[in-house]
Structures are given as structure tokens and as C-alpha cells.
């Protein structure tokens, strides 16, 4: 029986030795920072035009995080590949032979994945924020303003939970192609479509992407169903449900 530290070392070696997982994690940083910087620069250059007839407070933090959607996609792909590569290559059989305690194995995988995602997400969130504020010029904000630091940490936690959610779904499906076929439409087609339909809009408000967007709020808008902390709990519930579902399937199904 492998010890838990040995499992962690093994999972760390497997993830960092596969180029696709490393590149998708790096892409999370690049697209989130890059798009946020571009839109912050455009907002500063066209501030008067963009803000015409808009009485709501200007959210400099939200503007810096305008690239989060593509960052979400990249970190979802990272979570899928980090789990799915073993199933597509057949190496999961070797892993399960070495670590037959499947719950312990998934805990080790989630610990390594979550740690890597959290570190990259924290770096991404703070670099994105500071880059965006530098390009917003006189319209920028600081971490000392109310709720700004919480929103920056919220962005990092949201990306981390998305990664673990994707990992849990991939473990349930045992197939990275199927996982991407479920997750990408769910986040980027189903949720936006339902949000636009009045009769089912309330349901879409409890999807993880909408809940995650609440975590980035600096100014709570009138008429919104809930605030940042409720959004965090909803995202956490989705993440835990996916990981528990993955653990149950892993226990009952062969590789």
C-alpha cells in the first residue's frame, strides 16, 4: 500500500510530465491577464463613451477580469486532461494496481490538482488585477478599497474550484472527450441560454458559472439573487458534489 506522501509525489510527477496539462495551466494565466489588459486599455481610452448613460458605479476590478471566461475554459481543460490522460493512455490500470485504495488515490489527485490550480490562480488573479489597474489610469482602484481584495481572492478560488469540478466530472465519466463534451456546452452554451430565458432564469442562477461571477463582485447590484459569499458556497457545493460523485464511480467501476 502506497503512503499518501508517495501518492502526492507520483501525481505531481505525472501532471508536470505531460505537456498538454502544463500548457493549459499556463494558458489560464496568459489569456486571463492578456484579455483583461486589452479591455482595460480600451476602457481607459474610451471611458466617456463606454460609461455614457450608465449610472452604476464603475467596477475597475471587474474590468480587469474581463478575460475570465477564456481563463475558465483553459483551467477546465487542465482539470479534464490531468485526470483523463490516464484513462486515454490506459495508465490508470497501473495506478490502481499500485494504489488500490481508490478513495485515497482520488484524494491525492485532488490535493495535487487543487494546489497547482490555486497557486496559478492566485498569481493569475493578482497579476491580472495590477495589470488592469495600471492600464485603467485615473479610473483604477486599489486593493485597499472596500471588497476589492475579496473579489481578487474570489477570482482565484473560483478558478480553483472549476478545475476540481472538471476533475470530478472526468473521474465520473472515465473519458476526457466525453468530459469536455459535457463541460464545455454546460458552461458556455447551456448556462448562457438558460440565463436569457425568463421562465428558467432562476435555475441558471444556481449554476457554478453564475455563482462564480458573484464572487468577483465589488458592487452588489440591485435585483441580484445573492451576493459573493453565497456564490462561493454554491460553487463549493458543485465542486464537492463532482468529487464525491467521482469517488463513488471510481469505487464501483473498473478502470
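Can you give the extra length, in nm with one decimal, that the chain gains between residue 139 and residue 17 once fully stretched, where that is 0.36 nm per residue apart less the Cα-Cα distance?
This chain segment gains 39.6 nm when fully extended.
How large is the helix-only mean residue ellipticity at 222 nm for the chain, computed as the sum of -39500 (n - 2.57) over DSSP H runs with n ≥ 4, divided by its residue count, in deg cm²/dmol to the nearest 500?
Here the helix-only value at 222 nm equals -24500 deg cm²/dmol.
Kindly state, to the nearest 0.05, the FRET efficiency for residue 111 paired with residue 196, given R0 = 35 Å and r defined as their beta-carbon distance.
The computed FRET efficiency comes out at 0.40.
Extending each Cα 7 Å along its Cβ direction at residue 70 and residue 149, get the distance between those two points in nm, one decimal.
3.1 nm
Please give, to one decimal in nm, the separation of the simple spin-label points placed at residue 203 and residue 224, each 7 Å out from Cα toward the Cβ.
A separation of 2.4 nm, rounded to one decimal place.
Can you tell me, using C-alpha contacts under 8 Å and at least 6 residues apart, the relative contact order of the chain as a whole percent?
24 percent
Please sort 87-97, 178-188, 160-170 by packing, taking for each peptide the average over its residues of neighbouring beta carbons within 10 angstrom, highest first.
160-170, 178-188, 87-97
Hey, how many Å between the Cα centroid of segment 45-71 and the Cα centroid of segment 135-184?
Comparing the Cα centres of segment 45-71 and segment 135-184, I get a distance of 19 Å.
Which distance in nm do the two modelled labels at residue 50 and residue 249 give, with both placed 7 Å along the Cα-to-Cβ direction?
Distance between label points: 4.0 nm.
Bear in mind that the values in this text are calculations on the coordinates, not laboratory data. Remember, it's a predicted structure, so these values are computed and weren't measured experimentally. Every residue, glycine as well, gets a Cβ built from its backbone with ideal geometry; the counts of neighbours run over all protein chains shown.
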